[in-house]
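First the structure, in the form of structure tokens, and then the observations on it.
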Amino acid sequence: MRFSLMGVPMILPALCLAIVAAAGAQAAEVRLWAVSDGVRVNPVTGRLIEDRTDIHRDYPTGSYREKNSVWDASTSTVSLRSARNEFVAFQLVIEAAQPVAGVDVEFAGLAGPAGQRIEGRNAAVFKEWYVQVRRPSTGYERTSLGPAWYPDALMPKRRGGLSTGFPFSIPDLHNNIPGQKNHAVWIDLYVPSERAEAPPGRYTGTVEVSWKGGRDRIGVALDVWDFALPNESHLAGDIWNGSMREMPPEEELLYYQLCRQHRFVPLIYAYRPKLSVTGAQVTLDWTEFDHRLAPYLDGSAFTAQRGYWGPGSGLPLDHIMLPFDVRFKKGNPWPIDLPPGGRTPEYEAVWKETGRQIRAHLDADPRWRAVQKIAFLNGLDESYDAESNERLIYYGRLLHEGMGRGWFKYRIDGGYSWEA
């Protein structure tokens, strides 16, 4: 600290500068706009990452800050449509030309035509977390959207005083994105299945955004149609996952439930019973497998007793991956590795007997039979050369002879000969 005349400390100019700087930060201009749940906004440039008509002519482009599929800046309103028993979502983009602090988002839900409300757990707010992609995905360079900071994980804003990531600043102190000018917040809405809880009509509400020095809001209008989606999902897609089976069971359950609510399946590669092989004799111990997977195979994981709510209550998984694999280019062989001398009758017998026991076990409980079984051999899913193609056909034959043609499906990727 420096001193001047009469011993008075000369801090006033610095203090004045600090007050001016703080006032400038508080007066930062903040703009709110919104996009759908099907695009991503670059947190530095404000452009949609999907704004690449050089890749696909039907990709979104234009003045999407002013108007897009869900947003109209002239009325500052997001417009959505939904059936009952459906999740819909949008992204609120908070854009600041200058750094801003203390950004917070409040959303109390929507009020319906007869006083019913979509609120509480049915109206959730998430802060988006960004991941830097530094180079295009190999093998897909022509269709890659390129390097950028991509919004990825969603961090839920907790109620009751507990919060994850709120309030925050732009640039975000934790995500550390150089040059960040905007941050997106995800709004999730679930329309209840029962008509009495969500009668048809328009539901409206507001999302309020506050920051140090300012406050603004946008409107939300949701038109609910007079029908409900079925509990069953009819889109046979999944999201490949290699980490959930390494989680503690209670954490894994929450992931499975979140996936079920949003109508997709985490494809886990691969749960396996304990195995012992002596010659051509196969013994499978299903104790741990059954303890962990039975709730997903019989549907009890998706019940109120396990804390579940939303689409597909009480229904089992749509499909599950079988435990088979080979060591070819990559892979972890199961049930056994190919002998040094190559294929033998004993080797084939082990594969077929293992398949027979797997089918017998998974067919024993009638509730488990509804779950589609998927065979996948890592390294043979993309069998574009003659050697790979021959192996694909060979192991496909062993699996069919062990488990029966039609009992399972075989997952591959790409185009093959008719025989394959």
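The values are calculated or read from the model by the stated rules, or taken from the named source; none is laboratory data. Note that the structure is predicted; figures quoted are calculated from it, not measured. Cβ placement follows ideal geometry from the backbone for every residue including glycine, while neighbour counts extend to all protein chains displayed. Surface areas here come from the heavy atoms of the whole protein model, side chains and all, with no ligands, DNA or RNA. Shrake-Rupley method; radii C 1.70, N 1.55, O 1.52, S 1.80 Å.
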So for the stretch 127-283, using the alpha carbon gyration tensor with a ≥ b ≥ c as root eigenvalues (a/c under 1.5 gives rounded; past that, a/b versus b/c decides prolate or oblate), I'd call it oblate
With the convex hull built on the alpha-carbon atoms of the stretch 90-199, volume per residue in Å³ sits at 156
In Å, the Kirkwood estimate of hydrodynamic radius for the chain over Cα pairs equals 25.5
Relative to the compact-globule estimate 2.2 N^0.38 Å (N residues), the Cα gyration radius of the stretch 281-338 stands at a ratio of 1.55
SASA check, D290, accessible area w/ 1.4 Å probe, all protein chains in place, rounded to nearest 10 Å², comes out at 40
Under the Karplus relation with 6.51, -1.76 and 1.60 and θ = phi - 60°, whole-Hz ³J(HN,Hα) for the stretch 368-383, x at Gly and Pro, equal 6, 5, 6, 7, 5, 9, 10, 9, 8, 10, 5, x, 10, 6, 10, 9
Summing -39500 (n - 2.57) over every DSSP H run of at least 4 residues in the chain and dividing by its residue count gives a helix-only mean residue ellipticity at 222 nm, to the nearest 500 deg cm²/dmol, of -6000 deg cm²/dmol
Rounded to 0.05, the calculated FRET efficiency for the beta carbons of D365 and V44 at R₀ = 30 Å is 0.05
Env charge @ K409, Cβ radius under 14 Å, K,R +1 / D,E -1, value 0
Rounded to whole angstrom, the alpha-carbon centroid of the stretch 132-148 lies from that of the stretch 222-293 at a distance of 29
Taking a ≥ b ≥ c as the square roots of the eigenvalues of the Cα gyration tensor, with a/c under 1.5 meaning rounded and otherwise prolate when a/b exceeds b/c and oblate if not, the stretch 82-155 is oblate
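Peptides 180-187, 338-345, 236-243, 104-111: what's the order by average Cβ count within 10 Å, highest mean first?
Working: 180-187: 21.8, 338-345: 9.2, 236-243: 11.8, 104-111: 17.5.
Final packing ranking: 180-187, 104-111, 236-243, 338-345.
Largest first, how would T287, T204 line up by accessible area (1.4 Å probe)?
Descending accessible area places them as T287, T204.
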Taking placed amide H atoms and a strict 5 Å upper bound, the residues 5 or more places from T303 or on another chain that come that close are Y308, G314
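Quick check: residue separation of V131 and R306 times 0.36 nm, minus the Cα distance between them. What number comes out in nm? Walk me through the intermediate numbers first.
On the way: separation 175, 0.36 × 175 = 63.00 nm, distance 3.23 nm.
Full extension of this stretch gives 59.8 nm more.
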Simple SL model, points at 7 angstrom along Cα→Cβ for Y255 and T53; separation in nm is 4.0
Expressed per residue, the solvent accessible area of the stretch 120-209 in Å² (1.4 Å probe) is about 53
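Counting only protein heavy atoms and using a 1.4 Å probe, what share of the accessible area of the chain belongs to carbon plus sulfur, as a whole percent? If you can, show how the numbers build up before the last one.
Details: 11940 of 22290 Å².
That share works out to 54 percent.
In the neighborhood of V88, defined by Cβ-to-Cβ distances under 13 Å, what is the net charge if each Lys or Arg adds +1 and each Asp or Glu adds -1?
Working: positive: R81, R84, R263; negative: D37, E86, D188, D223.
Residues close to V88 contribute a combined charge of -1.
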If the chain between D226 and R405 were fully extended at 0.36 nm per residue, the gain over the current Cα-Cα distance would be 60.2 nm
Note: T75 to R292 extended length (0.36 nm per residue) minus current alpha-carbon separation gives 73.0 nm
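Could you work out the per residue convex hull volume over the alpha carbons of the stretch 249-397, in cubic angstrom? It would help to have the intermediate numbers written out before the result.
Numbers: hull volume 18.2 nm³, N = 149.
So the per-residue Cα hull volume is 122 Å³.
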Within the under-10-Å Cβ sphere about W129, not counting W129, Lys/Arg +1 and Asp/Glu -1 give a net charge of -2
